[in-house]
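See below for the structure under consideration.
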Amino acid sequence: MDIKLLIFGILMIAFVFVFLKIYFKEKQETKYKITTKNIVRVGIFGAIAAILYILVKFPVPFLPPFLEFHFDEVPVLIASFAYGPIPGLCVLFIKTIIKLPFTNSLGVGEISDLIYGAALILPAAILYKKNRRFKSVIVGLGIGCVLEIAVSLVLNIYLMIPFYMNMMEFSEEAILQLCQMANPAIVDVKWSYGLIAVLPFNLTKNVAIIILTIATYKSTHRFIDKLQN
């Protein structure tokens, strides 16, 4: 079996395991009801996240053009803080499903973004659910930021780049040339690309998402509830 597929499979199994563990734990600890109101909330946030994911994205100077900024994790984080980890993950799934018909990576990019988003969101949502204080938000987002960067490094180096090379018939030289056009310091499509491009990209994106989430949480949450009512 291809080592990249094995790594991807292990990560997907781990993701499903974490999702189910959180779901059944929440089901035991709380009486979260699947009501029309809750479905509408998740649907609205999912639609907002999908719109941001599809329409609002742009490349970053000095980084390869296929690494694009997008802010769809902001509504996902807001929903996670407001309603809990499970509704937040549902918003993440809805956003991904809506985006899939527009994929240009056979769905691999969208699934990877789903995993990245879960890595960022779950620690913050779980900690905030246990202790609804601003300190929990900061600690959870910090843990999520580090976890998301680690996951993105592994997936980019061992899945995304090999996928483009093997399935979409991009040569390693072509990908490296594209990276070096943005930043000549990148000397290969392995850890040089990961540390010089993927790491600063995700760090910058996560900091921007965290700032936007904290700045817009209260107003967005109240607006959605008023809109629904």
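The values are calculated or read from the model by the stated rules, or taken from the named source; none is laboratory data. Keep in mind it's a predicted model, so treat the numbers as computed, not measured. Neighbour counts run over all protein chains shown; Cβ positions are idealised from the backbone, glycine included.
In segment 58-136, counting only helices (runs of 4 or more DSSP H) that sit wholly within it, the ones holding 1 or more residues that are of a type in the set (Phe, Trp, Tyr) and in contact with a helix residue (DSSP H, G or I) (Cβ under 6 Å, 6 or more places away or on another chain) span 73-83, 108-130. Within segment 155-185, the set of residues being surrounded by fewer than 16 Cβ atoms within 10 Å (Cβ to Cβ), modelled with pLDDT of 85 or more and of a type in the set (A, V, I, L, M, F, W, C) comprises Ala174, Leu178, Met181, Ala185.
Hey, can you tell me all the residues within segment 42-65 that are under 30 Å from Gln180 (Cα atoms) and in contact with a Pro (Cβ under 8 Å, 6 or more places away or on another chain)? Those that are under 30 Å from Gln180 (Cα atoms) and in contact with a Pro (Cβ under 8 Å, 6 or more places away or on another chain): Leu52, Pro59, Leu63, Pro65.
A search for C-beta distances below 6 Å between a residue of segment 190-209 that is surrounded by 14 or more Cβ atoms within 10 Å (Cβ to Cβ) and modelled with pLDDT under 95 and any residue that is of a type in the set (Asp, Glu) and assigned to a helix (DSSP H, G or I), counting only pairs 6+ apart in sequence or on different chains, returns Ile209/Glu73. For segment 159-172, the tally of residues that are over 18 Å from Gly117 (Cα atoms) and assigned to a helix (DSSP H, G or I) stands at 7.
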